[in-house]
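Everything on this sheet refers to the single structure shown next.
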Amino acid sequence: MKTIAESILKLIGKSEEQIKAGLVGSSGNISVYPESVHKLGTSVVMMARDDEKRFIAVVADCEKNMPKGFEGDVVRLSDGGGLLTGPLSAANAAALRRYFPWCAPRSLRKERTTVGCGDRLGLATYGHLLAARQFKLSPVLAQQSMRELAMTDRTFRQVVDDAVFNVFRADYREGYGADGDHLKKMEDIDVALAAEMPMITLDLSEVMNASAGDWSAGKIEEAFAALPAADRERVASEDADKTFIVGSCEVKVDALTAKRCAVMYDAALAFALKVYEHLRAKRGDEFDLEVSIDETTSPTLPSHHLYIARELRRLGIEFSSLAPRFVGEFQKAVDYIGDVKEFDRQFVVHAQIAKTFGNYKVSVHSGSDKFSVYPTVGRETGGYLHLKTAGTSWLVAVEVIARCEPQLYRDMHKCALEHFNDMLKLYHITADLSRIPALDSLSDAELPGLMSMADARQLLHITYGPILTGGLRERFFKAMHKFENEYDEALKRHFEKHISLLGVPKK
């Protein structure tokens, strides 16, 4: 690194572009990420890598001019210059946010098309950006749920910091989001906010009375009678036996449906109001609230979606997006399961409700790889949508390992089989392991093909936790470092397919 630093020191008085053009980009096993070279006064900050790790490097014309806040080892250069090399640590991520504010996540509430790019490895952001920066969209680059944090042994702070480093590496200055995904408790929301995550996906599944969707009319009437009188009067006068015009569609709400919605959702929406007021107190207008009702066993009926949207509006809750539970199945790692024509018919109504009652984004959860419904989602929302992806980026990494390190893949596959039944307690999928070819029957060249098989994809998708936190962890991350470029390019291709099918226009 010292040879590279000396070349930068000779150019320190020139422009950033001249420094990038004139520096020695690599020396021995060390190379600089060229897009990461940024001038800061009389110093230059960049990211580099060697055979084992990535790191921050800072070159200053003299040691006393070294920017404050970066941590690492400092060595002297010629003519009094200094070189600091430091880890991708919380302190160095904070320093990047301080000196280069565009490295920090921000609210995307005013952006039209947003795509959640969940990154369970802390390595996917650069590949995501290779695709995203070609299109008119805003990426949510740091996105994790409490379940994913537990399965990967990470924190919200680490998730955001990993995005910061990769945004800096890519010199991406157009703004990105960070999402505390599927949060259910105020204390978890506060942890996400403390990590500077401006987007909160509020999962109402534990505070809504989903079981009331199957209750008899008599039981609904009894539960409705127990609600406050003011709520009963509101439902009777504003919701019951009404027909609502939403775009070119009609949504009829009979009296029993209105009462059922009140029983199912009113307590959850009261909690949503508390969360909204909390977010306003913490961040002013700089936040994105997504309301999630998708974690249920039954699809969200248009009449129910309409009731929730109208109530959120009546309560004065400003929300950016809402995630219904759509008809059919949005299982992990595979395309949409169900009648596509019926999905299309119902989605039109959901999109019109969103346009009519608040003009918020329709959010599609477990949205990766749902290629057969993307054209409808993009067309009917007019691109005003949020797509949430996560595990698909992990599976791209799995495919890279299968292609480049076949023995490691075989060991990962065996680990996945060993833990499959335990992981089924956390994820709903319908993989049939009997349809996956035995590993011993496959040549190394055939292993990548497993990631084109639905059952194998689901097997590897839900077992990432044991692989990433167990005995394979070190081998896996060493391989991912070695094949960094292959991963970046594979992600780029994969996300280009997602975004193109949604109909998002290119820049």
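Out of E486, E446, I need the residue that is under 17 Å from L121 (Cα atoms), not hydroxyl-bearing (S, T, Y) and not assigned by TED's automatic domain parsing to the domain that holds G116. Which one? Being under 17 Å from L121 (Cα atoms), not hydroxyl-bearing (S, T, Y) and not assigned by TED's automatic domain parsing to the domain that holds G116 holds for just one of E486, E446, which is E486. Residues that are in contact with a Lys or Arg (Cβ under 8 Å, 6 or more places away or on another chain) and farther than 17 Å from L193 by Cβ within the stretch 275-296 comprise I293, D294, E295, T296, listed in sequence order.
Of the residues in the stretch 429-444, not one is in a helix (DSSP H, G or I), within 25 Å of Q143 (Cα to Cα) and out of contact with any Asp or Glu (no Cβ under 9 Å at 6 or more places or on another chain). From the list A445, A431, the one residue that fits, being free of Cβ contacts under 8 Å to residues at least 12 places away in the same chain and among the hydrophobic types (A, V, I, L, M, F, W, C), is A445. Being in contact with a helix residue (DSSP H, G or I) (Cβ under 8 Å, 6 or more places away or on another chain), more than 30 Å from I401 (Cα to Cα) and part of a helix (DSSP H, G or I) is a condition met by no residue of the stretch 154-162.
Can R379 be described as in contact with a helix residue (DSSP H, G or I) (Cβ under 7 Å, 6 or more places away or on another chain), basic (K, R) and part of a helix (DSSP H, G or I)? It is false that R379 is in contact with a helix residue (DSSP H, G or I) (Cβ under 7 Å, 6 or more places away or on another chain), basic (K, R) and part of a helix (DSSP H, G or I).
Looking at I56, I12, I8, I19, can you tell me which residue is part of a loop (DSSP other than H, G, I, E, B) and outside the structural domain of A354 (by TED's automatic domain parsing)? Answer to the check: I12. Residues in the stretch 109-144 that are among the acidic types (D, E) and in a strand (DSSP E or B): 0 in all. When T257, T296, T243 are checked against the criterion of being at pLDDT 95 or above, among the polar types (S, T, N, Q) and buried (at least 16 other Cβ atoms within 10 Å of the Cβ), a single residue qualifies: T257. Pick from L426, L472, L442: which is over 30 Å from D288 (Cα atoms) and in contact with a Gly (Cβ under 9 Å, 6 or more places away or on another chain)? Selected residue: L442, the only one of L426, L472, L442 that is over 30 Å from D288 (Cα atoms) and in contact with a Gly (Cβ under 9 Å, 6 or more places away or on another chain). Of the residues H278, H305, the single one that is farther than 19 Å from A217 by Cα, in contact with a Pro (Cβ under 6 Å, 6 or more places away or on another chain) and in a helix (DSSP H, G or I) is H305.
The values are calculated or read from the model by the stated rules, or taken from the named source; none is laboratory data. Treat the numbers as computed from the prediction; the structure is a model and nothing was measured. Heads up, the Cβs are rebuilt from the backbone with ideal geometry, glycines too, and the neighbour counts pull from every protein chain shown.
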